[in-house]
Amino acid sequence: MITTAHIGVVGGGAWGTALACLARRAGRRVTLWSRDPAISNAIANERANPVYLPGIALDAGIAAAMSLEDLGACDALLLVCPAQAVREVGRHLPGRGPVVICAKGIEASSGLLMPEVLEQVQPGRSLALLSGPSFAEEAVRGLPTAISIATFDPNVGRDLAASLAAGMFRPYWTHDVLGVALGGAVKNVLAIAAGIVEGRGLGHNATAALITRGFAEMARLGQAMGAELETMTGLSGLGDLVLTCHGPLSRNRSLGAALGNGMTLARFMKGRRQVVEGEATAPAVLARAARHGIEMPICTAVDAILHKGADLEATIRGLLARPLRRESD
């Protein structure tokens, strides 16, 4: 059994701050570090994160760390940074306790999933992955939220789930680290596609079809890589896919809707502080799929629109003109 009396949170964005609040409600001592000193100061002096979670009062028991090294005494660390920053931040994590990765994506430069990245920079360290359908604003306000915690050691997963469960926040644990990591990455790409459908005004029928066929792409890739279908149909797969394709708080869906309305990617991203993970993940997903000979037409279309200058209307027509086939193929 691991001791998780003191939880360290690495990252002062919306989800990092929300998880700090949830861990505190679960009775844990919590210390949060942000790379932005202004956020750390606001948490320490104002008991608030006005940039990422405005209007939410933070418990006085959430301490603000001024340096990453201050988290060295924590029993476990929640790594809540963008996926493309996991390698750089991960290599500097202090202490020896378990690291819970809370980023969803695939590293663009290497094509590695988040646990694979962390294994390279923290070899031998116990790791877990926290994922699932969870908007920070809803979870921190006490609305019902269920997530997955994946670990190679089920005992660690059970202990971590118990350390974060509080009120309406319900963690489940699983051993399928690969499946949870992949679901959290692919759903971001598909959510951009769902946003495009919304932005073009293609209707609810089209959205339902896209989610269903997109899930089929996710499941095919997952099974080819060794993930379990049960995981793909669970919280971190289908559950998170439904949320990000429908939920108005989804940044990936919002990007797609903007593209569907004629906005350019550069204009959408200008001045934004929060990362849209699906944008960098799209080509990395296709690279993993190519290794296994898996066809992912929806993800291919999203990547073409984002990075290859593909025309929206022509791309949509191309998807609809694909040869007819048996649904299970």
- Going by the structure shown, is Thr3 under 23 Å from Pro94 (Cα atoms), among the β-branched types (Val, Ile, Thr) and open to solvent by 20 Å² or more (accessible area, probe 1.4 Å)? yes
- From the residues in region 295-329 that are farther than 15 Å from Thr281 by Cβ and among the hydroxyl-bearing types (Ser, Thr, Tyr), which one is modelled with the highest pLDDT? Thr315
- Query: Among the residues of region 286-328, which ones are among the basic types (Lys, Arg) and open to solvent by 80 Å² or more (accessible area, probe 1.4 Å)?
  - Reply: Arg291, Lys308, Arg317, Arg325, Arg326
- Restricting attention to region 164-221, and to residues there that are touching a strand residue (DSSP E or B) at 6+ places or on another chain (Cβ under 9 Å) and of a type in the set (Ser, Thr, Tyr), which single residue is most open to solvent (accessible area, probe 1.4 Å)? Tyr172
- For Ala83, work out the one condition from (1) over 17 Å from Ala128 (Cβ atoms); (2) at pLDDT 95 or above it doesn't fulfil. (1)
- Message: Of the residues Val99, Val121, only one is open to solvent by less than 20 Å² (accessible area, probe 1.4 Å) and in contact (Cβ under 8 Å) with a residue 12 or more places away in the chain; which?
- Response: Val99
- Val156 being among the hydrophobic types (A, V, I, L, M, F, W, C) and modelled with pLDDT of 95 or more: no
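I'm trying to understand the selection: among the residues of region 222-233, which are in a helix (DSSP H, G or I) and either surrounded by fewer than 16 Cβ atoms within 10 Å (Cβ to Cβ) or not hydroxyl-bearing (Ser, Thr, Tyr) (or both)? Outline the logic, then answer.
Restricting attention to region 222-233, the residues satisfying the condition of being in a helix (DSSP H, G or I) are 222-225, 229-232.
Within region 222-233, Gly222, Gln223, Ala224, Met225, Leu229, Glu230, Met232 meet the criteria.
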- Would you say Thr145 is buried (at least 19 other Cβ atoms within 10 Å of the Cβ) and without any contact (Cβ under 8 Å) to a residue 40 or more places away in the chain? yes
- Can you tell me which residues in region 239-250 are crowded, with 20+ Cβ neighbours inside 10 Å and part of a helix (DSSP H, G or I)? Gly239, Asp240, Leu241, Leu243, Thr244, Cys245
- Query: Given the structure, is Ala266 at pLDDT 95 or above, among the hydrophobic types (A, V, I, L, M, F, W, C) and not in a loop (DSSP other than H, G, I, E, B)?
  - Reply: no
- Message: Suppose the filter is of a type outside the set (A, V, I, L, M, F, W, C), open to solvent by 30 Å² or more (accessible area, probe 1.4 Å) and within 24 Å of Asp153 (Cα to Cα); does Pro94 pass it?
- Response: no
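Could you grab me the full set of residues in region 60-90 that are open to solvent by 70 Å² or more (accessible area, probe 1.4 Å) and free of Cβ contacts under 8 Å to residues at least 40 places away in the same chain?
Ala60, Met66, Glu69, Asp70, Glu88
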- Counting only residues that are hydrophobic (A, V, I, L, M, F, W, C) and over 15 Å from Ala57 (Cβ atoms), which one in region 15-31 is farthest from the chain's Cα centre (by Cα)? Ala26
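The values are calculated or read from the model by the stated rules, or taken from the named source; none is laboratory data. Treat the numbers as computed from the prediction; the structure is a model and nothing was measured. Cβ sites come from the backbone with ideal geometry, for glycine too, and all protein chains shown count toward neighbours. Ligands, DNA and RNA are excluded from the accessible area calculation, which covers all protein heavy atoms including side chains. Shrake-Rupley method; radii C 1.70, N 1.55, O 1.52, S 1.80 Å.
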